[in-house]
Amino acid sequence: MMVFGLEGTAWNLSAALVNENEVLFERNATYIPTKGGIHPREASQHHAEQMGKIVGSVMAYVRERDLRIDGFAFSQGPGLGPCLRTVATAARTLSLRFRVPLIGVNHCVAHIEVGKWQTGAEDPAIIYVSGANSQILALRKRRYRIFGETLDISIGNAIDKFARTMGLPHPGGPKVEELARSAKNYIPLPYTVKGMDLSFSGLSTAATEASKKYDLADVCYSFQETAFAMLVEVTERALAHAEKNEVMLVGGVGANKRLGEMLNIMCQERGAKFFLPPEKFMGDNGSMIAHTGLIMLNSGAITPLPQSYIRPGYRTDEVEIIWA
Ligand code: ATP
Ligand code: FE2
């Protein structure tokens, strides 16, 4: 079985080819905002302009080796409407052209499934942190149930916003992580956990205020320590509630070494096993869509054309995990 996957919910247009065992090929085109954050229409124009080259390179790989594609998977949502539309149109065209099933994939579920594939985690409590999402989940009765999530903006967005006001280039996450390494002092910042839910927007604002008085490296460090401690607290509680003994970190912010380290310490104290996928599978990538498409196809979950409409607000727990 071999599946083509197309991702393009936000900043990265990525096409990949996977089989049961490995990623055969992946090609990416990254949208970098000229100024500020991601602009949905600009991002979709970027994807439209790059589509021919990205898809073409995968198809050239297939042709040269005389391979057969069994399904075309695409990121159906959640994501930015204009970007989703561009991706869905390309995927439908490919599916019709090659008379091969179409598979609409939930982007969040794909982050989780590729993580499991790459780490071998079986039934973990999941911490999924990215630019648009911050969720703590666990599989129960064939759905990834959301135990806790952000009540306002996601952690990635909070870091990116703060970084932008500091004049750092987008995305700010990696830069803030680097600056935090040279910090000398911890500055107390607002810690907001409400039950199982989290809030990050006050933290982002407070960090911006603090930067007027304190060293930027110290603020970056304190921002990370505060936000990650909040996330670890909720993950720890979800681990206990859901009675799991594994924890897996996924999503773009999962590339942050300090977050992984803090989760690992918590897991050691609780006797749980911690799983961290390789970095290239953390941020948005076509392989995660292709892989999830493959397991969906194997369990018969294909998407008829009339149901292939985009789903900008597609929730993780809307998907029935029939392959579990
Ligand atoms: P989603 O739709 O899943 O929310 P996304 O479009 O936000 O996806 P991802 O690639 O999953 O894309 O996540 C991007 C986020 O990851 C950005 O906010 C970026 O700053 C953050 N990020 C990347 N590397 C790091 C890092 N080392 N530390 C902290 N944040 C990081
Ligand atoms: Fe993502």
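The values are calculated or read from the model by the stated rules, or taken from the named source; none is laboratory data. The shown structure was predicted, so the numbers you read here are calculated from the model rather than taken from an experiment. Backbone-built Cβ (ideal geometry, glycine too); neighbour counts: all protein chains shown. Side chains are part of the model used for accessible areas, which takes the heavy atoms of the whole protein and leaves out ligands, DNA and RNA. Shrake-Rupley method; radii C 1.70, N 1.55, O 1.52, S 1.80 Å.
With a sphere of radius 12 Å drawn around the Cβ of I310, what net charge do the other residues whose Cβ falls strictly inside it have (Lys, Arg +1; Asp, Glu -1)?
Values: positive: R85, R92, R311; negative: none.
Here the charged neighbours net out to +3.
Surface composition of region 1-91: carbon and sulfur make up 49 percent of the accessible area, probe 1.4 Å. Semi-axes of the equivalent ellipsoid of region 192-324 are 33, 20, 15 Å, computed as sqrt(5λ) over the eigenvalues of the C-alpha gyration tensor in descending order. Exposed loop positions in the chain were taken to be GluC sites (Glu not before Pro) whose DSSP state is not H, G, I, E or B and which have at most 15 other beta-carbon atoms within 10 angstrom. Between these positions, the longest stretch is 123-242.
Accessible area per residue, 1.4 Å probe, Å², for the chain: what's the number?
On the way: 13940 Å² over 324 residues.
Solvent-accessible surface per residue comes out at 43 Å².
Sparsely packed loop sites in region 1-56 (the trypsin sites (Lys or Arg not before Pro) outside DSSP H, G, I, E and B with at most 11 other Cβ atoms within 10 Å) comprise K35. Hey, if you put +1 on the Cβ of every Lys and Arg and -1 on every Asp and Glu Cβ in the chain, which of M196, P78, Q45 ends up farthest toward the positive end of that dipole? Of the options given, the answer is Q45. The calculated 222 nm mean residue ellipticity attributable to helices in the chain amounts to -14000 deg cm²/dmol, summing -39500 (n - 2.57) over DSSP H runs of n ≥ 4 and dividing by all residues. Answer with one residue from M230, A132, F275: the one whose Cα lies farthest towards the positive end of the charge dipole of region 120-280, charges on Cβ with Lys, Arg +1 and Asp, Glu -1. Most positive-ward Cα: A132. Over the chain, all Cα pairs binned in 10 Å intervals from 0 give whole-percent P(r) values of 6, 27, 33, 23, 9, 1, 0, listed from short to long.
Look at the dipole of the chain built from charges on Cβ: of A91, T150, H291, the Cα furthest out on the positive end belongs to A91.
Rg then Dmax, both in Å and based on the Cα atoms of region 120-280: 15.2, 50.
Around V100, with a cut-off of 13 angstrom between Cβ atoms, what is the net charge of the other residues, counting Lys and Arg +1 and Asp and Glu -1?
Details: positive: R68, R92, R97, R99; negative: D70.
Net of charged neighbours comes to +3.
Listed cross-link partners K116/K194; K116/K161; K257/K280; K212/K257; K175/K257; K116/K280 are compared with a 19 Å cut-off, the Cα-Cα value being larger for K116/K194; K116/K161; K212/K257. Computed about the Cα centre, the dipole magnitude for the chain is approximately 640 debye when only Lys and Arg (+1) and Asp and Glu (-1) carry charge, each at its Cβ.
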